1. What FRET efficiency would be calculated for the residue pair residue B:74, residue A:301, taking the C-beta separation as r and a Förster radius of 35 Å, to the nearest 0.05?
2. If you count, for every residue in A:280-289, the Cβ atoms of partner chains within 10 Å of its Cβ, what is the mean?
3. Report the accessible area of residue A:106, computed with a 1.4 Å probe over the heavy atoms of all protein chains in place, in Å² rounded to the nearest 10.
4. Tally Lys and Arg at +1 and Asp and Glu at -1 over the other residues with C-beta under 12 Å from the C-beta of residue C:20: what net charge comes out?
5. Using alpha-carbon positions, what is the distance between the centroids of the stretch A:82-133 and the stretch C:59-95, in Å?
6. Equivalent-ellipsoid semi-axes (√(5λ), Cα gyration tensor) for the stretch C:107-149, whole Å, largest first?
7. Using a probe of 1.4 angstrom, how much of the accessible area of the protein assembly as shown is carbon and sulfur, in percent?
8. What does the extension gain come out to for residue A:10 and residue A:188, with contour length at 0.36 nm per residue minus their alpha carbon separation?
Amino acid sequence: MSFTEFFQQLLNGLSIGSVYAIFALGYTLVFSILGIINFSHAAVFTLGAYFTYALMGGVVGFNGLLANKSLPIHLSFVAALLLGSVLAGVVAVVIERLAFRPLRARGADPLLTLVSSLGVAILITNLIQYMVGAEPYSFPANAYGTLPPAINFGTPDNPIPVRSVQVVIFAVSVVILAALTFAINYTRFGKALRAVAEDAVTASLLGINTDFYILLTFFLSGFLGGLAGTLVGSSVTIAGPYFGISFGLKGLAVIVLGGLGDIPGAVVGGLVIGLAEAFVPAEYSGYKDAAAFALLFIILLIRPRGLLGRTVIQKV
Amino acid sequence: MEAFFSTYGFLLVSMVFAALLGLSLYLPLMSGQLSLASPGFYALGGYIAAGLSTKVFTNAGPLFPVPLVLLEMLVAGLVSAVVAVVVGVPALRLRGIYLALATIAFIEIIRVLALNLEITGGAVGIFGVPQPFKTQIEYMWIAAPLLVLTMLFLYRLERIRVGRAFIAIREDELASGAMGIDPTYNKVLSFTMGAVLAGVVGAVSAHFLNTWNARQGTFDASIVYLAFVLIGGSRTFLGPVVGGMALTALPELLRAASGNGSLPDWVAQFMKDGRLIIFGFLIVVGTVFLPQGVVTPRMFRRRKASPPAARTEPAETVETVEAAQKENPA
Amino acid sequence: MSVQPGAALADGSAYLVCVLEVRDVTRRFGGLVAVNQVSFSVQPGEIFGLIGPNGAGKTTLFNVITGLIPASSGHLLYRGEDIIHMRPHRIAALGIARTFQNIRLFSNLTALENVMIAQHVHTHSGIIAGVFGLPPSPQEERATRRKAHDLLHMVGLTNRADEIARNFAYGDQRRLEIARALALEPQLLLLDEPAAGMNHNEKLELSDFIREIRLSLNLTVLLIEHHVPLVMGLCDRIAVLNFGELIALGDPAKVQNDPAVIEAYLGSE
């Protein structure tokens, strides 16, 4: 493989890996606060992409209940992205209230909550399909404004072109991750969040409104999911409502690889899987998807706590 | 009568297969394992039958001989058993969420393999799978005995030593180990039995459905089978049977009812296209209101039992001890 | 008759004498040393008490002995065989049974089923024999059921065989747990706070019961208990743990007057 190809694949890997990381953070935030895996995150991811598309005035295709309709507004990409992600966050909060809170109230096993979240994911995904059909949707070509289609990282003699979208996505992801890390580690909100994640009962005794922080966490996770969904959707296409499910499944691989509940772990896991996929040789490109799951299976067998996770010690 | 069977033959046989697939999930669940792997074995079994009947047993007559179908089922069962042991022995040392995730990884890997390998026909799959019967209802000759035998098997299993070991592990894996039950051996055993059942059903389904492709082994299917067990009843073998049959029949019945004009059109259409919406909804509602499903053992026991208290399953401590064991492989 | 901890057991025959030898067993959890170089041995037929303030490492030691938690170092010789790396079900099969501090019955099953399940190691019918009703399954099923009834009778729960375990009162649940442990036909019975939650009369009954099964079932008993009078009245010898270390070992009178023990209990409050 030439250096050009290597660099391109590296950047591809980092780019998609950083989106995996953002998406996985949604899982991680919820897991660290409530100890549950919320698979409906995959559906929220999908919703984010569709919301943004709709907010840009996109037209619904021929199938589905809302065929040929569109919203009477045409926001710019950035505005639609933000609003769409906010809406996704709201949906996540609604899901928490309706589906997870009753289970929490009766001390249900986390496995039961996982099952419930599977149900939510299937429900929402198929609701989307029912409304707008299963065909792919593309964002308008000028979504990213006046950027050239590719940015050259090399010299004029040895050009290394990389799709601008990839670069933008990577940059946005880095900014988001940095902002999140800062917020969690250096702000009062972040400290309270970590306290609730560590020990909700004690946190509430210390006057922290745990319920509020749970809602905040879900909102944040939904926002990140919707954001990631839009980024992915804009980079290729929205391949149909199920594109979130397959992302969601890979997201599980990311968080297990990095360590359940571990925030830097989600980033590491995302990048590892993104790079692993990017470097799958071209002859085997059909097997790209399996890379994440093979890694998931292997890590579950040899080190279930993940690369960065710690074992939690409790009494028998 | 014949008209009934020709209209509803497909549905009736599908109901029986659905019951069996629900039971294939029930078996690992008997020993507390939430395994989403059944669709993987179902797909595997189907590919074996489809492959064998289209490429190996090709000089059969106008109707594919039933004994060959049974042979394919046997082969599918054996292969599923081997794969289940190979996958299960390492994976079933995991518990709870980790195991569910490992089974999800497994079916996704199978799906990608199925989409890419030549032998499985790639994305298109295998089509033109020969038929052993002239009509769909005749598949009952295979489906019904299979279901009856499986149900009898499970009825007996719950009453013997091995079955008790499964149930003990489900109740409290740690304590059952302390009482002399080997958790890994028994979990792999129940997992393998479920896999064999799914593989066998896959094999005959390949004929029943005439084509077979990677869509058979999807994550969706896991959710559907999960709904059968969750709604039908997770604590007795009758649960998945009832759940599988009812949840398969319901959309069809409602669609038929709408044909008479007794239901608004859009409801019937929704029942048909929105089948998965309904399943998802039922799962969410089921986990909250019916954690044991509709058919519960209490219906069959004539003994005192108070209403189910909140579950306080010590899942974390079990994981922790297991995690501690992983630090120091004993 | 007491064996000093760490004393050299010179000739091989010594190993055959004691039922359980705990030798320099240590268990670390990260930076915390929960059990620190603990050594003692338990003689056949003894009722051996393990006491100490909360958090002293007693239950952790039980968990190490029964294989639920691996030891960080040390040896455990059960009737001469080192079981330190064995998995719990193998240890149970060798004849070590236990009850749990936080009662771990199979709560949704009946009392009878709880006791029947524990006979798993002593029966052998596989699936095929079981499902098809072939020997030895029918005979074993009958024998298992009968034995379970006998054990329930022994602990005084005979009329409640078909009740769901979760519905039993706390004290009865403890009795059921003991019956279940006895179904393993153990030589060594580990009881983790069996008297917790019992009133005075029940405690006396329990002491009598333990003495009786020691004789009738040829058992050695290792018991963790907080209630000091019960321990002093029941046990032949007592080991005292504090912060994971063995601070005293001997007969009740000796241990009661040991200054280190007094300080551990009074000083820690």
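The values are calculated or read from the model by the stated rules, or taken from the named source; none is laboratory data. None of the values given here were measured: they were computed from a predicted structure. Cβ sites come from the backbone with ideal geometry, for glycine too, and all protein chains shown count toward neighbours. Side chains included, ligands, DNA and RNA excluded: accessible areas come from the protein's heavy atoms. Shrake-Rupley method; radii C 1.70, N 1.55, O 1.52, S 1.80 Å.
1. It comes to 0.70.
2. Rounded to a whole number, the mean comes out at 2.
3. 100 Å²
4. Overall, the nearby charge balance is -2.
5. 45 Å
6. They are 19, 11, 9 Å, listed largest first.
7. 63 percent
8. Residue separation times 0.36 nm, minus the Cα-Cα distance, leaves 60.4 nm.
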